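The block underneath contains the structure these notes are about, expressed in C-alpha cells.
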Protein chains: 2
Amino acid sequence: MSRSGARPTLAVVGATGAVGAVMLRILSHRADVWGEIRLVASPRSAGRKLAVRGEEVEVVALSEEAFDGVDVAMFDVPDDIAERWAPIAAAKGVVVIDNSGAFRLDPEVPLVVPEVNAHAVRQRPRGIIASPHCTTLSMIVALGALHAEYGLRELVVSTYQAVSGAGRAGVDTLRRQLSLVAGTELGTNPGDVRRAVGEGTGPFPEPVALNVVPWAGSVRADGWSSDEMQLRDETRKILGLAKLPVAVTCVRVPVVTAHALTVHARFQGEVTVAGAREIIATAPGVVLFDNPEAGEFPTPVDVVGTDPTWVGRVRRSLDDPTALELFVCGDNLRKGAALNTAQIAELVAAERA
Amino acid sequence: MSRSGARPTLAVVGATGAVGAVMLRILSHRADVWGEIRLVASPRSAGRKLAVRGEEVEVVALSEEAFDGVDVAMFDVPDDIAERWAPIAAAKGVVVIDNSGAFRLDPEVPLVVPEVNAHAVRQRPRGIIASPHCTTLSMIVALGALHAEYGLRELVVSTYQAVSGAGRAGVDTLRRQLSLVAGTELGTNPGDVRRAVGEGTGPFPEPVALNVVPWAGSVRADGWSSDEMQLRDETRKILGLAKLPVAVTCVRVPVVTAHALTVHARFQGEVTVAGAREIIATAPGVVLFDNPEAGEFPTPVDVVGTDPTWVGRVRRSLDDPTALELFVCGDNLRKGAALNTAQIAELVAAERA
Ligand SMILES: NC(=O)c1ccc[n+]([C@@H]2O[C@H](COP(=O)([O-])OP(=O)(O)OC[C@H]3O[C@@H](n4cnc5c(N)ncnc54)[C@H](OP(=O)(O)O)[C@@H]3O)[C@@H](O)[C@H]2O)c1
Ligand SMILES: NC(=O)c1ccc[n+]([C@@H]2O[C@H](COP(=O)([O-])OP(=O)(O)OC[C@H]3O[C@@H](n4cnc5c(N)ncnc54)[C@H](OP(=O)(O)O)[C@@H]3O)[C@@H](O)[C@H]2O)c1
C-alpha cells in the first residue's frame with residue numbers, strides 16, 4: 001500500500017458486468033475499508049452512472065490513467081482484457097486481484113480463498129493475486145475444512161452450473177428461451193425445444209431451457225472442457241495437493257444463479273457422518289443444511305443472494321468407509337466471484353494497518 | 001403361454017399414465033406380435049377411449065376379471081397397486097411384467113434388460129418379471145456393454161432426472177411453475193422463485209423451475225433416497241455383481257423428459273478411449289454421440305422420443321488409467337420404462353414360437 005494513513009483507493013474494473021453488479025452491492029454492504037471507489041469498464045460504458053455505497057459514481061473507460069492513485073484493483077473482465085491490463089496496473093504499483101482465468105495457474109500468482117489459504121496472499125511477486133473459478137469456489141471452502149481434518153485423497157465431482165456463470169449473456173439467453181417455451185407442451189417431442197428457441201443459443205452450445213448441457217468453457221485436449229480442467233488444477237493448487245486425483249464432468253443447467261455440485265470425496269482414513277457434519281457445521285463460511293426427512297437440503301433458489309457455501313445430503317459411501325457423498329451449493333456471483341475477490345482485497349487493505 | 005397358435009392377448013395396466021401413454025405409442029409402432037390389447041386403469045378412467053394400433057380401445061377398470069383370457073400383462077401403476085394386483089394376475093396364469101418398484105429386488109423375480117441379461121427372463125418362479133427403475137435403465141445398457149469387455153469394479157454416478165420421472169404430476173408441476181416464472185427477472189434474488197411458485201411443489205420437495213433439487217424418491221436409512229438405493233441395488237442385480245461399490249447422488253432438474261447421468265466407472269484393468277468408443281458405438285441399443293469440437297454431445301431435448309441410450313463426453317480419467325468418465329442420456333419414458341417393458345413382453349411372446 002502506498003499512501004499509509006489514508007484509506008486505500010479501490011478500482012473495480014468490469015463494474016458493469018454480471019460479477020461487477022454483484023461487487024457493487026457487496027461493497028455497499030460490507031464493513032467499508034475503502035477511500036475512493038473508482039468504476040471502470042469498456043469505453044462503451046464510459047459516462048454511465050452506477051450506485052455504490054449509496055452514491056452515484058460515473059464509469060470511466062479502461063486506460064492506464066484509470067489506475068492513477070489506485071491502491072487495489074479488482075478485475076472482473078474477460079480473460080484477454082485481464083491478461084493485457086493486469087500487468088499494466090501492477091506496473092503502476094496497484095495490487096491486482098483478478099477474477100478471470102488469465103493468471104490462476106501462474107506459479108508466480110497466488111490463488112486465494114481466504115478461509116482456506118489466506119497466508120498465500122502475501123507471496124505475490126507479480127503484484128497479482130488470482131481468485132478461483134466460480135465452480136471451484138462453490139465447493140472449496142467446505143472441502144478445505146474436510147481436508148484439514150481428514151486429508152483428501154480423491155475427488156469425483158459433477159456440476160450443475162447456473163447460466164450466470166456465463167455472464168449477462170448467459171442470463172439473457174435463458175430468459176429469452178424460457179419465455180419461448182413456457183406455457184407450451186414443448187419438451188415431450190424430439191426437436192420441439194430446439195425449434196422453439198431457434199438458432200440463438202447465446203454462449204451455450206445447445207438450448208439450455210428445459211435442458212441440461214454437458215459442456216462449459218472451451219475445448220481442451222482429449223475431450224475435456226476448460227471448466228473441468230480448471231476445477232481439477234485449481235483445487236490442487238489451493239489445497240497444495242499437486243497430485244490429487246480429480247475426476248469431473250461439468251454440466252450447465254437452467255438455473256439463473258447459484259452453482260451446485262455433487263462431490264464424492266475419499267479421505268486418508270475412515271470418516272464418520274457425525275464427524276463430517278461437525279466439521280461442516282463449524283467451518284467459517286459454510287452452512288450445514290441437511291435433514292432430508294424435514295425436506296432440508298440446499299437448492300439454488302434458496303442459496304442465491306447468500307454468502308456461504310451450503311452443504312447437504314451428507315452421507316458416508318455405502319461401500320467405502322473412507323468416502324463421503326455431498327451436495328454443495330453456493331452463489332456463483334457472490335462467493336463464486338465478487339465476494340471472494342472482496343475478501344482478498346480486504347486482506348490486502350489490512351496489510352496497511 | 002396358454003393358447004398356443006393364436007396371438008397372445010396383452011393387458012396394459014395403467015394405460016392412462018405417463019408411462020402408459022408412451023406404451024400405447026410404442027405398441028402402435030413396433031412389429032405387432034399381439035392379439036387383443038386390453039387397456040386397464042383405475043375406475044376413474046373406465047370408459048375412456050385411447051388409441052392404440054390405430055384403433056380406439058375402451059379402458060376397463062382394474063379387477064380380477066380384467067385379466068380373463070390375458071397372456072401377458074404390463075403393469076405401469078404405482079408400487080402399492082402393483083404389489084397387490086401383480087400376484088392376482090400371476091395366479092391366473094398371466095405373465096406379469098412390472099414397471100414399478102414393488103418386485104425389483106425380490107430374489108424370485110428376475111430384473112431384466114434385454115440387451116444385458118435377456119436369459120434371466122425364463123427364471124420367473126412367481127410368474128412376475130420386473131423392469132428396472134428409469135434411472136438405472138438410462139445408463140445400464142451402455143454400462144453393461146463396457147462391463148462385458150472391461151469388467152466393472154466401481155461406479156460413482158450423479159443424476160440429472162427429468163420431471164416426467166415423477167409421472168404426469170411431475171410434468172404438470174414444472175409447466176405450471178415455468179409459466180409463473182418465465183418472462184420475469186426471477187431467479188436473481190433469494191426467495192423470488194419460491195414466492196412466485198407458491199406452496200404447490202407437486203411431487204417434489206422444492207420448486208423445480210429455475211432450480212435443481214437433490215432429492216428423488218422416499219427417505220431411506222442414513223440419509224439416502226430411494227432412487228439412490230435403487231440405482232445401486234438394481235445395477236448390482238442386473239450385472240450380477242453383488243458387491244459392486246456404487247456411490248450415487250440423485251438430483252431432479254427442470255427438464256420434461258429424458259434423464260441424464262454423469263458416470264465415473266472404474267474397471268479391472270487399463271482402458272483406452274478408443275476401445276471404449278468402439279464398444280459403445282457397436283453395442284446394440286446404444287449410440288455414441290461424442291465430438292465436443294463440433295458441439296456434439298447428447299442432451300435431453302435431442303434425446304427425448306428416441307429409443308437408444310446416448311453416450312457422449314467419453315474421457316479416460318486423467319489420474320486413473322482404469323477409469324472412464326461418461327455423460328449418458330436416455331428417454332426415461334421409452335427405454336427408461338415403456339420400451340424396456342415392451343421388449344421384455346416380446347421375449348415372453350416369442351417363447352410360444
Ligand atoms: N459469472 C461468474 O459466475 C463468474 C465467476 C467467477 C469469475 N468470473 C469471471 O469474471 C469475469 C467477468 O465475468 P462476468 O460474468 O461479469 O462477465 P460479463 O457480465 O460479460 O461482464 C464483462 C465486464 O467486462 C467489461 N469489459 C469487456 N470488454 C472490456 C474491455 N475491452 N475493456 C474494459 N472492460 C471490458 C464489460 O464492460 P462493458 O459493460 O462496458 O462491456 C463488463 O463490465 C470473467 O473473467 C469471468 O470469467 C465470472
Ligand atoms: N415415469 C417414469 O419415468 C417411470 C419410469 C419407470 C417406471 N415408472 C413406474 O411406472 C409406474 C407408473 O408411473 P407413471 O409415471 O406412468 O405414473 P402416472 O403418470 O401417475 O400414472 C399412474 C397410472 O396408474 C393408474 N392407477 C393409479 N391408481 C390406480 C388404481 N387404484 N387402480 C388401477 N390403476 C391405477 C393410473 O390410472 P388413472 O389414470 O385411472 O388414475 C395411471 O394409469 C410407477 O410404478 C412408476 O414408478 C415410471
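The values are calculated or read from the model by the stated rules, or taken from the named source; none is laboratory data. The model shown is predicted, which means the values in this text are computed figures rather than measured ones. Here the Cβ positions follow ideal geometry from the backbone for every residue, glycine too, while neighbour counts run over all protein chains shown. Keep in mind that these areas ignore ligands, DNA and RNA; they rest on the heavy atoms of the full protein, side chains included. Shrake-Rupley method; radii C 1.70, N 1.55, O 1.52, S 1.80 Å.
Quantify how strongly other chains surround peptide B:317-325 by giving the mean number of their Cβ atoms within 10 Å of each of its Cβ atoms.
Details: counts 5, 10, 8, 4, 0, 0, 3, 1, 8.
Mean shielding by partner chains, rounded to a whole number: 4.
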Can you list, shortest first and in nm, the gaps between the label point of A:SER218 and those of its counterparts in the other copies, using a point 7 Å from Cα in the C-beta direction?
5.2
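Would you mind getting me the FRET efficiency between B:GLU278 and B:ARG53? Use the beta-carbon distance for r and R0 = 41 Å, nearest 0.05.
On the way: r = 38 Å, r/R0 = 0.94.
After rounding, the FRET efficiency stands at 0.60.
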Can you tell which of A:SER226, A:SER42, A:SER179 shows the greatest fluctuation in a Gaussian network model of chain A with Cα springs below 10 Å?
A:SER179
Could you pull out every one of the lysines with an alpha carbon less than 29 Å from that of A:LYS335, ignoring same-chain neighbours closer than 8 positions?
A:LYS49, A:LYS92, A:LYS237, A:LYS243
Name the most mobile residue of B:MET23, B:MET139, B:MET229, meaning the one with the largest mean-square fluctuation, in a Gaussian network model of chain B with Cα contacts below 10 Å.
B:MET229
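Quantify, in whole percent, the carbon and sulfur part of the accessible surface of segment B:63-211 (1.4 Å probe; protein heavy atoms only).
48
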Partner shielding of B:243-251, taken as the mean number of other chain Cβ atoms within 10 Å, equals 6
Can you bin segment A:233-299 into rounded, prolate or oblate? Criterion: square roots of the alpha carbon gyration tensor eigenvalues sorted a ≥ b ≥ c, rounded for a/c under 1.5, prolate for a/b above b/c, oblate for the rest.
oblate
Choose one answer from A:ALA11, A:ALA166, A:ALA46: the residue with the largest mean-square fluctuation in a GNM of chain A with alpha-carbon springs under 10 Å.
A:ALA46
How much accessible area per residue does the protein assembly as shown have, counting only protein heavy atoms and a probe of 1.4 Å, in square angstrom?
35
Among rounded, prolate and oblate, which fits segment A:46-95 when a ≥ b ≥ c are the square roots of the eigenvalues of its C-alpha gyration tensor, a/c under 1.5 means rounded, and a/b larger than b/c means prolate?
prolate
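Report, to two decimal places, the Cα Rg of the protein assembly as shown normalised by 2.2 N^0.38 Å (N = number of residues).
Numbers: Rg = 27.2 Å, N = 706, 2.2 N^0.38 = 26.6 Å.
Normalised by 2.2 N^0.38 Å, the Cα Rg of the protein assembly as shown equals 1.02.
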Find me the longest stretch of chain A that has none of the exposed GluC sites (Glu not before Pro), where exposed means in a DSSP loop (not H, G, I, E or B) with at most 13 other Cβ atoms within 10 Å.
A:271-350
Taking only C-alpha pairs under 8 Å that are 6+ residues apart, what is the relative contact order of chain A in percent?
19
In nm, one decimal, shortest first: how far is the label point of A:GLU64 (7 Å from Cα along Cα to beta carbon) from the matching points in the other copies?
9.6
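Nearest 100 Å² is fine: what is the total accessible surface buried where chains A and B meet, probe 1.4 Å? Show your work: numbers first, answer last.
Details: alone 15490 and 15480 Å², together 25050 Å².
Using a 1.4 Å probe, the pair buries roughly 5900 Å².
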Determine the distance separating the Cα centre of segment B:302-320 from the Cα centre of segment B:6-58; give it in Å without decimals.
32
Label 7 Å beyond Cα on the Cβ vector: B:GLU270 copy-to-copy distances, nm
3.6
Which residues of segment A:263-297 end up with at least 20 Å² less accessible area in the presence of all protein chains than when their chain stands alone, using a 1.4 Å probe?
A:HIS264, A:PRO292, A:GLU293, A:GLY295, A:PHE297
Mean residue ellipticity (222 nm) of chain B, computed from DSSP H runs ≥ 4 via -39,500 (n - 2.57), nearest 500:
-9000 deg cm²/dmol
Calculated log₁₀ intensity ratio I(q)/I(0) where the Debye formula runs over C-alpha points of chain A, q = 0.06 Å⁻¹
-0.22
Compute the Cα gyration tensor for segment B:1-117, then decide on rounded, prolate or oblate, letting a ≥ b ≥ c be the square roots of its eigenvalues: rounded whenever a/c is under 1.5, prolate when a/b is larger than b/c in the other cases, and oblate in all that remain.
rounded
What is segment A:14-83's relative contact order, in percent, from Cα pairs under 8 angstrom and six or more apart in sequence?
32
Length-normalised contact order for segment B:38-183 - Cα pairs under 8 Å, 6+ apart - percent:
14
Can you pull the percent of segment A:251-305's accessible area that's carbon plus sulfur, 1.4 Å probe, other chains left in place?
48
Ranking B:ASN189, A:ALA31, B:VAL95 by how far each Cα lies towards the positive end of the charge dipole of the protein assembly as shown (+1 on Lys and Arg Cβ, -1 on Asp and Glu Cβ), the top one is B:ASN189
Across the residues of B:23-31, average count of Cβ atoms on other protein chains within 10 Å?
0
